[in-house]
Amino acid sequence: MKEVLKPVKIHVPTQLPVGTVNVYLLKGDENVLVDTGPHHEESRLWLEKGLGKEGLQVKDIDFILVTHGHVDHYGQAGDLSADSGAEVWVPELEKDTIANFSNAYEERKEFYSEQFLRTGIPEETLRLVAEFFDYVKGLATESPVHRTFRGGDRLALAGWDLRVIHTPGHSPGSSCFRDGDTLFAGDTVLSHITPNAAFGGADGKSVGMADYLRSLEELEKVDVTIIYPGHGPPMEGLAPFIENYRALYRTRRAALNELLKAKSYNAFDLVVHLLGSLPIQEVFLGITEVLGHLEILQHEGIVTAEEKDGVAFYSLAGE
């Protein structure tokens with residue numbers, strides 16, 4: 001009978017509204033971290049304390065597995081690799097983001113700004129969102145990438161036999177790692193917040209909600225009982241989460257349809273009607289959620305878009 005392995009969870013602060021991120025330590029012949037937390041002095045301190053409770057130091061880390069290329073999950077991978085010699089393994093579609101972080105982040109910021117201007121976002125709001133992006137940029141550095149992986153790959157480390165499941169949507173390369181009935185889910189499955197699809201399609205351009213819904217279909221085929229998410233406590237079983245997420249998706253889709261029955265709207269006005277007035281750090285998430293719904297509705301021929309003075313206005317088809 002195979003030994004039942006359990007990871008050590010280390011809570012690491014992110015300096016972001018999401019709170020702490022879960023870094024998982026896999027102890028064995030090698031010491032492996034699944035994600036790292038962001039590049040920040042406090043985050044490093046908490047990680048070192050967590051390792052210390054297990055009798056380890058940063059220099060004892062052998063491998064770092066990254067679930068996806070967001071700063072709260074890989075931001076200090078470069079620092080840790082430099083201080084320990086640890087190899088950094090990342091999803092194939094996240095390699096450029098992580099290895100060439102500064103350039104990739106500036107390109108992403110420019111892309112988002114162009115997309116957001118088409119939503120009708122007020123100029124001052126866009127400026128504040130851009131300032132928040134500049135803050136977030138300080139939470140990561142470039143990291144060497146020693147190996148990339150893709151869906152279906154096997155990662156045999158520290159006594160674990162991890163199979164990669166590519167689950168795009170939250171980011172293009174978002175990946176889960178499965179060993180038996182255990183799943184390391186990154187931000188693909190979260191118990192207390194919605195895993196936002198923010199231009200996370202595998203094509204690198206689509207908003208990613210359609211990809212995310214297909215990723216849930218793939219996860220339905222996986223028989224696991226214990227899920228270790230990127231944030232929040234462990235979860236038992238995927239079915240309740242998938243059911244709840246789909247119910248939320250249907251509710252918000254129906255609400256958007258109802259709004260568009262009355263008149264045409266730009267995406268930013270739909271955000272306000274659907275989600276209310278959001279704090280600046282959540283405006284990006286609100287806009288991308290609405291854009292994700294609209295992208296699917298357009299693909300299905302339910303919604304059409306007409307551009308006026310550089311802003312897209314959405315209407316129900318035939319209205």
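The values are calculated or read from the model by the stated rules, or taken from the named source; none is laboratory data. As the structure is a computational prediction, the values presented were derived from the model and not from experiment. Here Cβ is always computed from backbone atoms with ideal geometry, including for glycine, and neighbour counts include all displayed protein chains.
Odds and ends about this structure:
- VAL90 vs. criteria crowded, with 18+ Cβ neighbours inside 10 Å, within 13 Å of GLY69 (Cα to Cα) and in contact with a strand residue (DSSP E or B) (Cβ under 9 Å, 6 or more places away or on another chain): yes
- Count of the stretch 1-30 residues which are closer than 21 Å to PRO91 by Cβ and over 22 Å from the mean Cα position of the chain (by Cα): 1
- Residue within the stretch 124-139 that is among the acidic types (Asp, Glu), under 23 Å from THR20 (Cα atoms) and modelled with pLDDT under 95 present: yes
- Leading residue by the ranking (nearest to LEU93 (Cα to Cα)) among those in the stretch 132-147 that are of a type in the set (Ser, Thr, Tyr) and in a loop (DSSP other than H, G, I, E, B): SER143
- Each residue in the stretch 251-273 was checked for being surrounded by fewer than 17 Cβ atoms within 10 Å (Cβ to Cβ) and within 21 Å of LEU117 (Cβ to Cβ), and 2 of them qualify.
- Candidates are the residues of the stretch 274-297 that are surrounded by 15 or more Cβ atoms within 10 Å (Cβ to Cβ) and of a type in the set (S, T, N, Q); the one that is nearest to VAL129 (Cα to Cα) is GLN281.
- Conditions (1) of a type outside the set (Gly, Ala, Ser); (2) surrounded by 18 or more Cβ atoms within 10 Å (Cβ to Cβ); (3) assigned to a helix (DSSP H, G or I): number failed by LEU128: (2)
- Selected residue [among the charged types (D, E, K, R) and within 19 Å of ALA158 (Cβ to Cβ)] from LYS53, LYS49: LYS53
- Test: residue in the stretch 263-278 that is in contact with a Phe, Trp or Tyr (Cβ under 8 Å, 6 or more places away or on another chain), in a loop (DSSP other than H, G, I, E, B), touching a residue at least 12 places away in the same chain (Cβ under 8 Å) and over 28 Å from GLY151 (Cα atoms): yes
- Helices (runs of 4 or more DSSP H) fully within the stretch 1-111 counting 2 or more residues that are touching a helix residue (DSSP H, G or I) at 6+ places or on another chain (Cβ under 8 Å) and over 29 Å from ASP203 (Cβ atoms): 41-53, 77-84
- Qualifying residue in the stretch 285-304 (condition: polar (S, T, N, Q), at pLDDT 95 or above and more than 20 Å from the chain's Cα centre (by Cα)): yes
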